[in-house]
Every structure is written in structure tokens, then in C-alpha cells.
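Structure first, commentary second.
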Amino acid sequence: MATVKQFEDLEIWQSARILCDAIHTIAINTKLRKDSKLYGQIDGSSGSIMDNIAKGFERNGNKEFVQFLSIARASCGETRSQLYRLLDRKYITENQFENLLSQCITLSKMIGGFMNYLKNSDLREAGISQLANFKL
């Protein structure tokens with residue numbers, strides 16, 4: 001397995017980036033951007049997922065990384081909740097909703113799995129850069 005050298009190497013960060021971009025694409029292609037409060041909330045929460053993964057990676061050990069992953073996972077739940085609002089307000093179709101909901105659920109499970117991996121890792125206080133590439 002490859003060594004993770006930067007947060008961009010993490011599959012969970014890559015998945016979070018894809019989700020964040022999908023939400024931004026919806027805003028560009030619908031009237032969601034005119035609903036500035038809802039757009040700001042879902043844009044912020046989806047961005048928070050990837051940002052907290054990055055922040056945690058750059059900290060000083062697995063304990064802090066797990067803390068930031070917990071925040072990222074909570075932001076994933078917040079994004080899921082806001083997807084229901086997008087659906088109810090007709091900004092997205094049922095199909096788009098199901099796809100994005102599935103992405104959120106999968107990402108949340110991946111983050112949780114990675115948190116467990118870090119909690120049980122012998123690299124607990126070693127540098128994060130020494131982590132093996134984690135796959136769920």
C-alpha cells in the first residue's frame with residue numbers, strides 16, 4: 001500500500017471533495033443560490049467535511065486527527081439533513097437526492113471506519129504521514 005503523504009491522498013478527503021462539488025453544481029444549475037441562507041448552510045457543511053479532514057491531518061497525532069474526523073462526520077450528517085430541505089423545496093429531484101444521500105452515508109461510514117483505524121493503530125502518536133493508505 002502507498003504511504004499517505006498529504007491529506008489529498010486520503011480517499012475520504014477525495015470523496016468529500018466530490019460531494020462538495022456536486023452540491024455546488026446543484027447551486028449553479030438551480031435557483032438554490034437565490035436561497036442564500038440554505039445555500040450558505042449546505043455549502044458550508046459540505047465544505048466543512050473536507051476542511052476538517054485536512055485540518056485534522058495537519059495536527060500533531062492521531063488523537064487530534066480523530067477529533068477533527070468526528071467534526072467532519074457531524075458535518076456529513078448536517079449535509080444529509082439539508083439534502084432533505086433541498087428535496088422538499090424542489091431544488092433537486094428524487095433521483096439526485098437518493099444519489100447524494102447515498103454519497104453522504106457512504107462517506108460517513110468511511111470516516112467512522114478511518115476513525116476506528118486511527119484509534120487502534122500502532123501509529124497512534126507517530127506522524128500522520130506514516131499512515132498506510134486506508135481503504136474501507
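The values are calculated or read from the model by the stated rules, or taken from the named source; none is laboratory data. The shown structure was predicted, so the numbers you read here are calculated from the model rather than taken from an experiment. Here the Cβ positions follow ideal geometry from the backbone for every residue, glycine too, while neighbour counts run over all protein chains shown.
When you look at Ala22, is it within 22 Å of Leu107 (Cα to Cα), among the small types (Gly, Ala, Ser) and at pLDDT 95 or above, yes or no? Criteria met by Ala22. Filter segment 55-76 for residues that are over 17 Å from Glu8 (Cα atoms), in contact (Cβ under 8 Å) with a residue 12 or more places away in the chain and among the charged types (D, E, K, R) and give the result. Within segment 55-76, Lys63, Arg73 meet the criteria. Of all residues in segment 55-81, exactly one satisfies the criterion of being among the polar types (S, T, N, Q), surrounded by fewer than 22 Cβ atoms within 10 Å (Cβ to Cβ) and closer than 17 Å to Thr106 by Cβ, namely Ser81. The set of residues in segment 25-39 being more than 18 Å from Cys104 (Cα to Cα), free of Cβ contacts under 8 Å to residues at least 24 places away in the same chain and not basic (Lys, Arg) consists of Ile28, Asn29, Ser36. Does Asn52 count as free of Cβ contacts under 8 Å to residues at least 24 places away in the same chain, in contact with a helix residue (DSSP H, G or I) (Cβ under 6 Å, 6 or more places away or on another chain), crowded, with 21+ Cβ neighbours inside 10 Å and of a type outside the set (Phe, Trp, Tyr)? The answer is yes for Asn52. Flag set for Arg59, criterion: out of contact with any Asp or Glu (no Cβ under 7 Å at 6 or more places or on another chain), of a type outside the set (Phe, Trp, Tyr) and at pLDDT below 95. Residue count for segment 28-45, restricted to those that are buried (at least 19 other Cβ atoms within 10 Å of the Cβ) and out of contact with any Cys (no Cβ under 9 Å at 6 or more places or on another chain): 3.
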